[in-house]
Structure formats: C-alpha cells, structure tokens
Amino acid sequence: MTEYLLLQALNGLIIGLIYALMALGLTLIFSVLKIVNFAHGELYMLGAYFSYYLAKLFGFPPVLAVLSSMIIVFFIGVVIEVLFLRPVYTGAVERKDEYAILITFGLSIFLQNLALFVFGPWTRRSPSFMSGTTSVYSLSISNDRLFVSALAVVFMIATLVIIGRTFMGKGLRAVSQDREAAAIAGINPFKMNLLAFGAGSALAAAGGALIGPIFLIFPTMGAMPVIKSFVIIVLGGMGSIKGCIIASLILGEAESLGSVLFPDLTRGLAYKNAIGLLFLVVVLLVKPTGLFGEKHVRMK
Amino acid sequence: MSLEVKDVFAGYYADINILQGVSVSAEKGRITIVIGANGVGKSTLFKVIYGFLKPHSGKIIYNDEEITGTNPYTISKKGISYIPQRRNIFPYLSVEENWEMGAWIFRKDKKRMKQRIKANYERFPTLGSKRKTDAGSLSGGEQRMVEIGRALMVDPDLILVDEPTAGLAPVVAKEIYSKLKQLNRVENKTILLVDQNIRQAMKIADYIYILELGKNKTQGSKAAFETDLKAMIKDWLF
Amino acid sequence: MLKVTKLTKRFGGLTALENVSFKVAKNEILGVIGPNGSGKTTLINVINGIHKPDNGDIFFRDKSIGRLSSYQIAKKGIGRTFQVTRIFRRMSVMENMMVPALSISRSGNQEALLHKSLGILTLLKIVHLKDEYGRSLSGGQHKLLELGRVLMLDPDLILLDEPFAGVHPELKADLHDHIRKLHGQGKTFILISHDMHSIFSLSQRLMVLSSGKKIAHGTPEEIKQNEEVIEAYLGN
Amino acid sequence: MVLFLAAMALPVALDGYGLHILIIAYYYALLASSWCLLAGYAGQFSFAHAALAAVGAYTSALLVLNTDISPVFSIPIGSVAAAGVGFCIGFLCLRLQGPYLALFTIAFSEIFRIVLNAEYRYTGGNFGLNVPPLFSQESRILYYYTILGILILSLAIMHKIVKSRLGLFFRAVREDEEAAATLGVNVIKYKILAFVITSFFAGLAGGFYAHYVRILTPNIIQLPQMGLIIAMVVIGGIESLAGAVAGALILQLAAEYLRDYEELRWVFFGLLLVITLRFSQNGLIYPIYKRLTKKSEKDHAESD
C-alpha cells in the first residue's frame, strides 16, 4: 500500500509539473493583459501536434521538436494578440472583460475544430524521449516520465529566471503592476502584451509537447488541462507566479492521493477531477485573491 | 524656452473642456509652478502634455519641436520625465529594480544605468539600505523618493511634478520640496510643478501661473505674489 | 431634513471623513467646498449608500438611513448625480429616464410616467434626443440627462457632484436656472463644486471640508471672511 | 406572422428526419434565447447554461423513472429545479464579475458533469440514462408542435420581460450597477432574478430534450455545447432575442445542410464567431435584419 501511495505521489508530482507549466503561461498572460485566456488548452494541443509532426515527419530529435513547437506557438500567440486582443487596449471594444472572455472562448472553439479537421480525430503518441524504466528500490518509473519531469522543471526554472532576473522580465512585471507607470518609464505596454501572450502560449505548447510521449494526442486534449490551469491560477491567486507553482503541486498531489484515499475506488477515480474544481469554487467565494494572490485585479 | 503649452483645450468629452485655453511655459532652469483651486484642470494639463490625453485643440512644443499627442512611452525619450499625483511605483519590484525600469530606454547601456543608480543613492541616502526592499512596503515619503529617482534615471532636462506631497506628513513634504529645489539649483533641472500645497510650493518657485476654471488667470515672477499670499488666495477663491 | 452626526469613513489607512456633523434644512441649498481630497465626494457616496459609514449616522426626515442600501435611500427620496456622468450607454434616453420612474412606482401608470419624463426632457431641452442611445450623446447632454434621471425619482433632496465642471457657459447658466427653479419648487440640495462663482451665488449656506474634517460652515459672506478656510487652501 | 404560419405548416412538407432537425433547432433556440436574456440583457456571462439544462433534464428523467409521475408534470418540476439551482448560482456569484464569473460557472458545470458521471448507479453515467418518452405514440409531429408551442410561449414571456420594467432593470444593472442602485433599482434582486428566470427556461428546454431523445448522457454539459449556444447568440446578435433565435435556427440548419463538409463546417462556424465578435458586436443577423426593416419602413413612408 505504501508503495502504491508513493507511486501515486510521484505521478502527482509529474502531472503537477505539467499543470504548472501550462498554468504559468496562463498566469503570465493574466498578469500582464488582465485577460483569462480561454483558448489556452488549444495552444497546449497545438504544441503537442507541432512537436509530434516535427519529430515524425521531419525527423527532429524530440527535444528540438519540443523547442521548435514552442517557438511556432509563440508566434501564433503573437498573431492572436495583434488580431483579436489589441482592441481591448485601444478602446475599440466597449465591454472589455466580456469581449476578452468571448473572443478567447471563440478562438478555442475555432482552433479545436480546425485541429479536428486538419489532424483528424485519431489519437497519436509522440516518439519517446528516452526508452526503458528506472527502478529506485521497488518503484519503477518509465524514463520518459523522468525525462519529461526534468525538462518541465528546466522550462519552469528558465521562465522564473527570465521573469525574475532579466530586464525583459522585470519590464513584464512592471507593466503587470502598473501599466501607466510603465508607459511613463518609457516601456511600450503594447510590446509587453505581445511578449506576454506569446510567451504564455509557448509555455502552454511546452506542456502539450512534453505530455505527447506519455499520454495521447488528440484535438480535444486541452479541455481537461485548461480547466486544471484555471483551478491553479485561482488557487494561487490570479497573476501570482509563486502561487501558481505551489498551487499546481498541491493540485497534482491532491488529485493523485485524494483519489486513492477515497473509500470507493471507482468513484474515487471519477471524483479525482472534481477536487480541484471544488477548490476553485470555494476560493472564489471565500477569498477571490487566492491563497497567495497579491491583489484583486479587474480590468477597467 | 523649454516647454510651451499653447492655448490648449482638452477634456474627456468632445464638448466638455476641463482645460479651456490654457497656456503655460516652463523656462529652462526654472521652477515654474501652476496653482489653482481643485478641479481647474491642473492634473489634466499634465496628462495632455505627457500624451495620456489628446487635446481638442492647442499645441505642446518642446525645444522647438511639436510633441502634441505623442505616446507617453515615446515622450520619455525626449528628455521629459513625469511624476504623477497618484502612487505610481511598481510595488512588487525592489527599489533598485524600480530605478532600472526608469532606465528602460537605454537598457542596453549597463554602465550608464549603474552610474545613474549610484547617483540616486547619493541623492537619497536613506534608500541605500533598502535597495532590495519591495517599493510597495516603503513609507509614503520613501515611495515618492523612489519615483523621483526613477524619473531622474533618463537624466531629463524637464521634470513634470504633480502634487508631490498630497497625503504626506508636513515634515516629509518639506523634505520632498527641498529635494526638488536641490534638483533645480544643483543639477539644473527644469521643473514644472502643479500643486495645491501653495505655501510650500511658493517657497521654491521662480515663476507662477494661477489657473481658474480651466483658464489662465494671472502669472508672474515670485516677487509679484510673495507680498500677500492670503490676498491672492482670497482673490481667486472668492 | 438631513442630519449627519459624527460621520467617519476610512479606506484602508486613509481617513476620508472624520467626525463630520451637519444639518440641512428643508428647501435649503448647502454648498460644500474644500481642497482636493478633502472628502467631498466621499461624503455624497456615504449619504447615498454607496459606502457604509464606519462611524456615525445619517438621518433623513428623522429616520436613520446610515445602514440602508443605495436603492432604498433612492426610494426614500434622495437623488444624486456623479462627477463623471454615469449614463446607461446602451439604452435610449427615454429608457434611462424610465429606470428611476419605474423603480419608485411599481404599479404606476406607464402612460403618465412617459408623459412626465417627456415633460422633464422638454424642460432640460433634450427632448429631441429621447430615442438616441446614451452613448451617442455629448458630455453636456449626459449632464442634463443625469439630472433628468434624478428628477424622475421625485427626490426631496438632490446631491449634485461637480455639475458645472467643464461645461459651456450657456449650459452652466441653464443648469443654474434649473437648480433655482427646482429650489423654488421646494427641493433641497447639497451642491459640491469648485466653481466658486456658481457655488457662492447658489448656496444659502456653505460647509468647508479639509482633509476629511469639517473646518467651517456659515453663510457665503462668513466663509469669505474665515481665515481658516484660506489657510486650508494654502496648504501646510 | 408569416414565420409562425410557416412553422405551423412545415410538418406537412417534411419527413421524419427533417422534423427531427427542426425539433433540435427549436431546443437550441430556447437555450440560446434564454442565454441571450441572461448575458445580453442582464450582462451575466455565465457558462453554466448547458448545465442548467441538464439539471432540468436529469431531474425530470429521474423523477419519471423513480416515481410514477408523468413527464407532463416532471418537466415543469425539472424547470423549477433548474431555477432553484440558478438562484444559488446567482446568489453565490453576486460579487463575481467578468472572468471570475466565467470561471465559477465553468467549474460548477464541470463538477455537475463529474457527479453525473460518477453516480452512474443513479444517472447511468456515460452509458446514458434511458428516459421514458413524453408521448406514448411514436409521432414526431406531436413532439414538433410541443416544442414549437413551448418555444413560442417562452419567447412570448421573455419578450414580455424584456419590454417590461424587469427587462429595463436588467439592462440598467448590466450598464452600471452603482448608478442603477442610486436610481432605486435593487441590484441584488434583479441579478438573482435574471439567473432564476433564464435557468427556468434552460431547464424547460433540457426537460423536453430528455423525453424526446430518450437517452441522456452527461455530455450535454460539455463546454463545446456551451460554445454552440454562445456562437448562436453572438452570431445572431447578443442584444436581441429574435437575433438569438435566428442565430440558433440558422446555425443548426446550416450545420445540417453542410453535413457533407463534416468538421469543416464547425471550423467555419468557429471562425464566424470570432470574426463576428471582433468586427460586429451586435452580431451578424441582427444588423442585417435591422437594415432590411429600416429599408422597408422607408419604402413604406415613401409610398405613403
């Protein structure tokens, strides 16, 4: 039993890392643009497909495929921002919050169906990063899972370093904290919007590309993870990066262990996905700033 | 002549002009102050100069170049800095990071940035021990200093200052005014100051504009007003 | 008619109003002046229920209204306008007028209410715009519509927050006329304005706020002579 | 009027399949128009509408299965249940706006879907719940007229609401809650009421649907379902009940007509939705309709 629990805890950790990547992207977008990107799951899905095709058709080495796919999705994000989200900031639309919700939701429908049309409904699996399994004591884990976790950690740390230490990252944070003050300091907030949306999209793509060899790739694969990311950003406090990482790990563990500890196993598995959502509902009602959130932001 | 605001009409609706033909100029090397009862459009004036609000008519000229309606993030490149009335630090960046952001337009030039930051620590020695502290957790007066420091990063010729001491304790306010005076007298910065704290602002002013309901009422050098401040207030109040 | 006792309102660490007490008599115009940030708009927001007082109370016709919601206060007969007008932008002028009309008279004769709002719009000279959307009106028309909307509440007490800011001289003169006329019909006003000429000519009594405290009150003549008021405007 | 007569006469000209398409289209029209009332008029962008339809559907279905009640009574009970759930959502979400409301309602829908899946002993889970039919005889025409009747009656009521004091207050609250309150509108009451009323109609649609298709799965709550409803309303015109109905009918019929293109039609609808949002916030159909009627009014005036 303990072994099983340990294995579940480990699985929770891996899943938590993938969630964290995706939610990190979502939180980055929210903190700068003050928009919840409801198309985030589709960017994750695109990341998986691009990586898959780059590896399968063009023979890219898996890691390179992941990186290239992130770059492609970065630019897709940039295009989306320019075409559809820019009007929110130029005053071209009147009800900004609602427009932003509907337009990103609309994009998610569009992209999902486009994927269904272009890629077909079949499930696929990306080539593995590393074959075999590793045994630690009596636990055995596939190397792919280890590799994916390692890569996710690398991406996460890279993101944290870029946002925390580099000049560009500080600029992003400056815009997220005070748009007007940033403009006064000479930072072009429109460029930062682009950068944040692009980078956020690329992080979603990274999540998708990494999950490719472990789970299956299909057009609606983003539906569940995106909801997890919503849970995470609410739990962690909308726009808080630190909160986002802690919340993803909590969620990953809560789900993996929660379902095991549920007395009735079949229902336990079914209710696994509800745990996070319950968190979300309760947090929104009780403390909308989240567990680690800095402040309650609403776009004017 | 450094900055010239010529006959500006501006407001948030096409037919509602908070500014109704205001003309103000900030001459090089001077501290020019603009005073007037609240709501006469002093803050609106700065929003127009710094490109946050497009005027309905009128011109803004800086060093013989028209800058009417230029983006805020472009104006900072022209050597004008702006310190708005409302708190406008980045609360979750450290003091030093706040100043680095002030150097955004020359971010490639790390040497210059270091120099300017060092100069700021010399100007505001009390902040020396707080370089890693989040600006949001500083006191009100210290936050103002961080803002002034950030505005100085680009080594501007002209600084627009909007009610720098609103909500601050009198002692702190005094210190801020003496800093502004020092910037002008020692570092030769041109300052355009909009203020409600008339008595204090008067002390450091070289030239004064008085506005009333969005229009120029009177103007003149300090000597012209100093004799009887109260009579002056009475005059424009009632 | 209105009695405010020891009103205090804080926002975080900032005290916007501190121990403010005053009375407004029936059919009086009370002017409120004071430097920026002295708490004038907060005062109106508290009286009309947008903010709840932290301390003190407000009595309207001898009944406490300090704990009531905005809509209940409106129904009791207190109307207000906003410094930055808040018109329902995607509703027609007539629909804007009908919201307060229908909120106070559930069973009211629709025909009569329409008639009444047409009358008010005619008085305000914007009846030709009755089918226009709120968003297509100019700023001055917004001011008039907002006043018209308030009148549909049939309020006994009207709170006006900077009604003259930035408006044309003709419109300002019109607004003066409207206020005088309504005053003649028995309405009571609290008027906030930085337009000293307007406020001195319209108000019977003035109250001066500075940093959230009431520092003076009296007739316009008394206020003009009050050294403390001038000190307040001079700063520290 | 012409449309109404056409709708009445249509069954004569259509085969069973054609009727089925129309019945489903009317079901969507009811969902779309009630969501339009909630989002377009009252300004509450809830994503729980499909879930509320499911509340109505499952309540009614389970009632019929577990008691001996007739669907004629269970469908209204289901609608009331949906209205009750709507009340709770409205009450809980009073302080939530914009993306927070969206996230809350999405979470609610998902939780409800998961519960339906997990409690398969009662709900049939993913295998589906076999629901007794509304009518004992196999007659599409009966269903057709029933849903048409329900739709027309519901639209009449919603139209009445929109034109009444209630509708006026919904819009005032949507525009500016604080300003509405200072004009005597009890904002809390009308926000909750908007949820209650529109949830009732969603539940009604769901209840009918359950006893018509006779098999219920939790999939009717999935986000794409909600997406379809939103697309119908947005393309139809978010500030017009008629636009929402037209959007629903046109999208549903177009989807049938373009059946040969399979997924491509959904790609097209998705694109249409996004483009409409970006460039014509009043929808596509409503402005066209407006232009046409304006023109005919003009013609009228000229001929006079």
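Working from the pairwise distances between different alpha carbons, so that the mean of 1/r is found and then inverted, what is the stretch B:3-237's Kirkwood radius in Å?
Working: mean 1/r = 0.0549 Å⁻¹.
The answer is 18.2 Å.
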Given the options D:Ala254, D:Ala242, D:Ala39, which has the most mean-square fluctuation in a GNM of chain D, springs set between C-alpha atoms less than 10 angstrom apart?
D:Ala254
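Just tell me how shielded C:31-40 is by partners: mean number of partner chain Cβ atoms within 10 Å of each residue's Cβ, no decimals. List each step's numbers first, then the result.
Working: counts 0, 0, 3, 2, 6, 9, 6, 1, 0, 1.
Neighbouring Cβ atoms belonging to other protein chains average 3 per residue here.
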If you wrap the protein assembly as shown's Cα atoms in a convex hull and average its projection over all directions, what's the area in nm²?
48.8
Summing +1 for each Lys or Arg and -1 for each Asp or Glu, what net charge is found among the other residues whose Cβ lies under 13 Å from the Cβ of D:Ala255?
-2
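Other chains' Cβ within 10 Å of C:81-93 residues: what's the mean?
Details: counts 2, 4, 1, 2, 4, 7, 3, 10, 4, 7, 5, 0, 0.
Mean number of neighbouring Cβ atoms from other chains: 4.
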The distance between the Cα centres of the stretch C:65-128 and the stretch B:39-112, in whole Å, is 42
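Just want to confirm a number: the relative contact order over chain D, from Cα pairs under 8 angstrom separated by 6+ residues, in percent.
On the way: 456 pairs, mean separation 96.0, N = 304.
Normalised by residue count, the contact order of chain D is 32 percent.
Send over the per residue convex hull volume for the stretch A:185-251, Cα only, as a whole number of Å³. Please report the intermediate quantities before stating the final value.
On the way: hull volume 7.3 nm³, N = 67.
Hull volume over Cα atoms, normalised by residue count, gives 108 Å³.
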To make sure I understand, if each residue's beta carbon is the centre and we count other beta carbons within 10 Å, what order do A:Thr90, C:Thr122 fall in, fewest to most?
A:Thr90, C:Thr122
So which trypsin sites (Lys or Arg not before Pro) in the stretch D:82-162 pass both tests, a DSSP loop state and at most 16 other Cβ atoms within 10 Å of the Cβ?
D:Arg95
What's log10 of I(q)/I(0) for chain A at q = 0.09, 0.11 Å⁻¹, Debye sum over Cα points only, no solvent?
-0.43, -0.65
Within straight cross-link reach of B:Lys130, meaning Cα distance under 16 Å, which aspartates and glutamates are found once same-chain residues fewer than 8 apart are removed?
B:Glu96, B:Glu97, B:Glu100, B:Glu122, B:Glu142, B:Glu147
Restricting attention to the stretch A:87-190, which trypsin sites (Lys or Arg not before Pro) occupy a DSSP loop and are surrounded by at most 14 other Cβ atoms within 10 Å?
A:Arg125
Around A:Thr166, with a cut-off of 14 angstrom between Cβ atoms, what is the net charge of the other residues, counting Lys and Arg +1 and Asp and Glu -1?
+4
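Taking other Cβ within 10 Å of each residue's Cβ, how do D:Trp35, B:Trp99, B:Trp236 sort, fewest first? The partial results should precede the final answer.
Details: D:Trp35 30, B:Trp99 26, B:Trp236 18.
Result, fewest neighbours first: B:Trp236, B:Trp99, D:Trp35.
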How large is the convex hull of the Cα atoms of the stretch A:29-141 per residue, expressed in Å³ as a whole number?
150
For the stretch A:181-234 and the stretch B:194-238, what is the centre-to-centre distance using only Cα atoms, to the nearest Å?
54
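Can you check how the C-alpha radius of gyration of chain D compares to 2.2 N^0.38 Å, as a plain ratio? Intermediate values should be presented prior to the final figure.
Details: Rg = 19.4 Å, N = 304, 2.2 N^0.38 = 19.3 Å.
Here the answer is 1.01, to two decimals.
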Using DSSP, restrict attention to beta bridges with both residues in the protein assembly as shown and report what percent are antiparallel, rounded to the nearest 5.
60
Fluctuation leader among D:Val55, D:Val267, D:Val196 - chain D, Gaussian network, Cα springs under 10 angstrom:
D:Val267
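Arrange A:Ser108, B:Ser221 by Cβ neighbour counts within 10 Å, fewest through most, would you?
Working: A:Ser108 26, B:Ser221 12.
Lowest count first: B:Ser221, A:Ser108.
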With chain A treated as a Gaussian network of Cα nodes joined by springs under 10 Å, which of A:Ile187, A:Ile245, A:Ile29 yields the largest mean-square fluctuation?
A:Ile187
Would you please put C:84-96, A:65-77 in order of how densely packed they are, using the mean number of other Cβ atoms within 10 angstrom per residue and starting with the highest?
A:65-77, C:84-96
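Based only on Cα atoms, what Rg/Rh ratio does the stretch C:57-125 have, Rh being taken as Kirkwood's radius? Show your work: numbers first, answer last.
Values: Rg = 14.2 Å, Rh = 13.9 Å.
Here Rg/Rh amounts to 1.02.
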For the stretch C:100-175, what's the relative contact order in percent, using C-alpha pairs closer than 8 Å and at least 6 residues apart?
35
Taking Rh as the Kirkwood radius computed over C-alpha pairs, what is the Stokes-Einstein D of the stretch B:152-238 at 20 °C in a medium of viscosity 1.002 mPa s, expressed in µm² per second?
152
Please report the spacing between the Cα centers of the stretch A:50-129 and the stretch D:1-62 in Å, no decimals.
32
Sparse-neighbourhood loop hits (trypsin sites (Lys or Arg not before Pro), the stretch B:1-106; DSSP loop; Cβ within 10 Å at most 12 others) -> B:Arg86
Lysines whose Cα lies under 19 Å from that of B:Lys215, excluding same-chain neighbours fewer than 8 positions away:
B:Lys6, B:Lys42, B:Lys47, B:Lys54, B:Lys59, B:Lys234, C:Lys172
List the lysines whose Cα sits under 21 Å from the Cα of C:Lys75, skipping any in the same chain fewer than 8 residues away.
C:Lys3, C:Lys23, C:Lys26, C:Lys52, C:Lys63, C:Lys116, C:Lys187, D:Lys189, D:Lys191
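Please average, across the residues of B:83-90, the number of beta carbons from any other chain that are within 10 Å of each residue's own beta carbon, and give a whole number.
Values: counts 2, 3, 2, 3, 2, 7, 4, 10.
That average works out to 4.
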For the stretch B:3-237, what is the relative contact order in percent, using Cα pairs closer than 8 Å and at least 6 residues apart in sequence?
28
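None of the figures in this text is laboratory data; all of them are computed from the coordinates on show. Note that this is a predicted model, so its numbers are computed, not measured. Note that each Cβ is placed from the backbone with ideal geometry, even for glycine, and that neighbours are counted across all protein chains shown.
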